[in-house]
Amino acid sequence: FEGSATVKAVETAVHYYSLPVVAKTKKSAAAASSPGKKAFQDKYTKLKLGRTLGTGTFGRVRIATHGSEVYAVKQLVKKAMVDLHQTESVELERKILNLLDHPFVLKCFATFQTRDVCYFVLEFIQAGELFSRVEGGVDPSEAAFHAACGVDAFEHIHSNHIVYRDLKPENVLLDDRGFARIVDFGFSKKLGSKGKKTYTILGTPEYLSPECVLGKGYGFDVDLWAFGVLTFEMLTGRSPFFANNPDDTMTIFRNIVAARVTFSRRKPVPESAKSFVLSLLKRELTERLGARRGASGSKTHHFLKP
């Protein structure tokens, strides 16, 4: 990373990102760009950093090793976090990842920081994004397998009073055995109780629910709606609410509010799969699968049974 944070920017980032500052001097700050060369006391600060796996708005993810162990390390530049007003969001993501513990949710093993950079030591998932699998659609049995993993993950996420709000194929990673991991909790929010609502409109447009689009407020059910969209995309290779112009957000929103879901005859889909999707994509919230019991209620659908 080029450049260093200003004193004010660092102070602001440290204020929100309440982790111990490991590097305070110019010498240790230089080591921040290559933490594997500096022997910190904590195991995860002795990682040897390798190639970059991906880049984001204010950081990057790099592969890292400690002996025979392999991790993914997310590096976030504090100055960029402050400039983009993302410090509180990053701190919330840290808290959420530390709270969750489920086989289908990406594990966070440790977090620490130097003067200029925040680090997340994450589970390394090597088979890539679900996005790479859904083009053209997948076999219904594979879609059911991924859906079962996801619904189980959301039961755990919601039981911790967290609404995810950013489900899409890019945010589901697959391990070497095909099991899913829900990743990237940057848009997540902690809700106080089951009946509490939030009103912020954010996420990928084609995955937003009607009540979110209309500004009526939403709770955990917004994730189950998005799961219906994701399952449809796994089965057919496209979104149920797409617009011919992907940038035509208003047409996408009109399609979502209308909630008309149709399956193409050119790619047959089993009735159990159609039932699962259509039960989740009901315009009326009270009629949706899981409306009463949440994700745990969705798990009983026959589409998810082996």
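Tabulated data
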| quantity | calculated |
| --- | --- |
| Whichever residue in the stretch 117-132 is part of a loop (DSSP other than H, G, I, E, B) and of a type in the set (Gly, Ala, Ser) and, among such residues, is surrounded by the fewest Cβ atoms within 10 Å (Cβ to Cβ) | Gly128 |
| Filter pass, Tyr119 being aromatic (Phe, Trp, Tyr) and at pLDDT 95 or above | no |
| Some residue of the stretch 194-202 being among the polar types (S, T, N, Q), surrounded by 14 or more Cβ atoms within 10 Å (Cβ to Cβ), free of Cβ contacts under 8 Å to residues at least 60 places away in the same chain and touching a strand residue (DSSP E or B) at 6+ places or on another chain (Cβ under 9 Å) | yes |
| Within the stretch 233-306, helices (runs of 4 or more DSSP H) holding 1 or more residues that are open to solvent by less than 80 Å² (accessible area, probe 1.4 Å) and farther than 20 Å from Gly150 by Cβ | 249-258 |
| Filtered residue count, the stretch 149-169, keeping only those that are open to solvent by 40 Å² or more (accessible area, probe 1.4 Å), small (Gly, Ala, Ser) and touching a residue at least 60 places away in the same chain (Cβ under 8 Å) | 0 |
| Residue list for the stretch 207-221, filter: within 11 Å of Val257 (Cα to Cα) and either under 19 Å from the mean Cα position of the chain (by Cα) or surrounded by 16 or more Cβ atoms within 10 Å (Cβ to Cβ) (or both) | Leu208, Ser209, Pro210, Glu211, Cys212, Val213 |
| So Leu281, is it under 23 Å from the mean Cα position of the chain (by Cα), farther than 21 Å from Gly215 by Cβ and of a type outside the set (S, T, N, Q) | no |
| Listing of strands (runs of 3 or more DSSP E) fully contained in the stretch 47-116 that carry 2 or more residues being under 18 Å from Glu129 (Cα atoms) and open to solvent by less than 60 Å² (accessible area, probe 1.4 Å) | 48-55, 59-66, 69-77 |
| Pair list, Cβ under 7 Å, 6 or more apart: the stretch 220-233 residue on the phi > 0 side of the Ramachandran plot, other residue among the aliphatic types (A, V, I, L, M) and not in a helix (DSSP H, G or I) | none |
| Filtered residue count, the stretch 78-101, keeping only those that are among the basic types (Lys, Arg) and in contact with a Leu (Cβ under 9 Å, 6 or more places away or on another chain) | 1 |
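The values are calculated or read from the model by the stated rules, or taken from the named source; none is laboratory data. Every value quoted in this text rests on a predicted model; they were computed, and no experiment measured them. Here the Cβ is made from the backbone with ideal geometry for all residues, glycine too, and neighbour counts use every protein chain on show. Quick note on the areas: whole protein, heavy atoms, side chains included, nothing else; ligands and nucleic acids left out. Shrake-Rupley method; radii C 1.70, N 1.55, O 1.52, S 1.80 Å.
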